[in-house]
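Take a look at the following structure, please.
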Amino acid sequence: MKSGTTSLYQYLNAHPQAFLSPIKEPQYFCKERTPQPSDRANGITVDWEDYLRLFERDRDEVAIGEASAGYLCSRSAAYEIHRTFPNARILIILRDPAERAYSQYLTEWRWNYNHASFRESLIYDGAPGEPLAWVASRPHIAISLYHDQVKRYLDTFGPDQVRVYLYDDLKRDVDSLMSDVYGFLGLERRFGPKSFEVRFNRSAKPHFVTLDRFLIEPLSRRVLTRKTRARLRERLRKIYYRQARPINPEDRSYLIGIFRDDILKLQDLIHRDLAHWLR
């Protein structure tokens, strides 16, 4: 979550040999979630028949799948996916854990879930109404503790069926990353659309914070579906939203103290140097 999964989904979906669910995150295999009345409107799939209908339009593509970011932090998804699709190939993309937590906070702010400061959100995680409270009592932090989450998939599927990438790879050389992804999935490697130049679902804050909080957000939530609001925000991004400020150095230092041991274990697990996440 907040690590480039939307961009990865769009880049994969552009490949003529791939078919991805038209709903990016059906979250079907997160079985610890408590179904909500709003699930269907938000694209979350609870019933197996509804899940299968997402893939009715595939035309014998080489790779067929979906991109539910919640599957990584879910304690049940790896087992549930393996039980249903034991030969599935798993793509995992990880972002600097402090940056990921901050990006999650900005998204919650944008969706009117949370208007506390970032540090207040970290301290008071788990308050009523906290998104993803089904994952852990402190989801900003828990979702960024990657070691056990990644290990669960490696143990369940084996290393040959799991590929772990870094958000840094996506930013530095998207062509090489996608070539490797395509090869891992058995797709033609040389495909490279202009859409690689586009970054999707970037974090931002509105220019008019008070207006957004007390009028625009409450009104849009009553009138529009979440999917429609997301599309509208993308179209209005340049006009209505400003680039969010980077994470405060003090907040980053606070989080590094929390994440340090997990980062060190993770780099041994995936055989990647993650020293830059500790600075």
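Values in this text are rule-based calculations from the coordinates and carry no lab data. This is a predicted model, so every value here is computed, not measured. Note that we place each Cβ from the backbone using ideal geometry, even for glycine, and neighbour counts take in every protein chain shown.
Using r as the Cβ-Cβ distance of Lys151 and His276, and R0 as 30 Å, what FRET efficiency do you calculate, to the nearest 0.05?
Working from the Cβ atoms, E equals 0.90.
Working out 0.36 nm times the residue gap between Trp48 and Val62, then minus their Cα-Cα distance, what length gain in nm do you get to one decimal?
2.8 nm
Per 0.36 nm of contour for each residue apart, how much would the distance between Phe55 and Gln17 grow if the chain were fully extended, relative to their Cα-Cα spacing?
Full extension of this stretch gives 12.3 nm more.
Still on this structure, I have one more. How much net charge surrounds Val162 when only other residues with a Cβ under 12 Å from its Cβ are counted (Lys, Arg +1; Asp, Glu -1)?
In short, +2.
Quote the FRET efficiency, to the nearest 0.05, computed for Ile256 versus Ala116 with a Förster distance R0 of 25 Å and r equal to the Cβ-Cβ distance.
Between Ile256 and Ala116 the formula returns 0.75.
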